[in-house]
């Protein structure tokens, strides 16, 4: 496994991207399937980088774009969280630039790209799958605020669900308030109504951000250990052509 930082251009602005790629010594050979990772509110920090590295160890070219690249220190000097400045149109532009970079890369199999995301990034993963037709699988982790549009967007991600044309696997914490279990049932009903292939898992006793070891008050080892193999099996089925069950 090798990891590095890359700088992409998005509408004339620099955006950093953390990338982790499989090792030939581990038996992997290019072109690789790829996974875009949408980071939580902590940014492309240790947790997000660890997810990219774990995906690379499983055979994926994993990339995590910095969705906060437009947010300056001056903007957050008063304590306002960086995610308050996000705009859905800009998020989609960042995701599209990341996908375009992957498609153009000779080490990536351009027709085998998936997307996942955590917390804020779970919402982004949902939005990305509804906005970019290249994704072949999407795995949102506890995607909250799906009924809220960011910035000047005309529609929230939920209203764009009809545009998702790839299989979905979503993970929820049982005691999470956003998304709650009621939210999960509404999402399930909408995906059923639209005929979208999906599978949901709820983890008993788990709260929001249960995967994130950097948040010890929320990290839930049992849920994290159960959800990750399911994610890998799902990506294997839809990005590698494996026969593992969802």
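A few notes on this one:
Listed here are the residues, each with its yes/no results for (1) crowded, with 24+ Cβ neighbours inside 10 Å; (2) out of contact with any strand residue (DSSP E or B) (no Cβ under 6 Å at 6 or more places or on another chain).
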| residue | (1), (2) |
| --- | --- |
| 110 | no, yes |
| 123 | yes, yes |
| 126 | yes, no |
| 132 | no, yes |
| 172 | yes, no |
| 185 | no, yes |
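- In the range 71-86 there is no residue that is buried (at least 21 other Cβ atoms within 10 Å of the Cβ), more than 23 Å from residue 47 (Cα to Cα) and either modelled with pLDDT of 95 or more or over 15 Å from the mean Cα position of the chain (by Cα) (or both).
- Filter result for residue 169 (over 18 Å from residue 119 (Cβ atoms) and in contact with a helix residue (DSSP H, G or I) (Cβ under 8 Å, 6 or more places away or on another chain)): no
- Qualifying residues in the range 79-91 (those that are touching a residue at least 40 places away in the same chain (Cβ under 8 Å) and not in a loop (DSSP other than H, G, I, E, B)) - the one farthest from residue 113 (Cα to Cα): 82
- Of all the listed residues (51, 91), the sole one being within 20 Å of residue 157 (Cα to Cα) and surrounded by 17 or more Cβ atoms within 10 Å (Cβ to Cβ) is 91.
- Close pairs from the range 1-12: first modelled with pLDDT under 95, partner outside any loop (DSSP other than H, G, I, E, B) and surrounded by fewer than 13 Cβ atoms within 10 Å (Cβ to Cβ), Cβ under 8 Å, at least 6 apart: 1/26
- The range 222-242, subset on the phi < 0 side of the Ramachandran plot and outside any helix (DSSP H, G or I), residue nearest to the chain's Cα centre (by Cα): 240
The values are calculated or read from the model by the stated rules, or taken from the named source; none is laboratory data. Small disclaimer: the values here were computed from a predicted structure and weren't measured. Note that each Cβ is placed from the backbone with ideal geometry, even for glycine, and that neighbours are counted across all protein chains shown.
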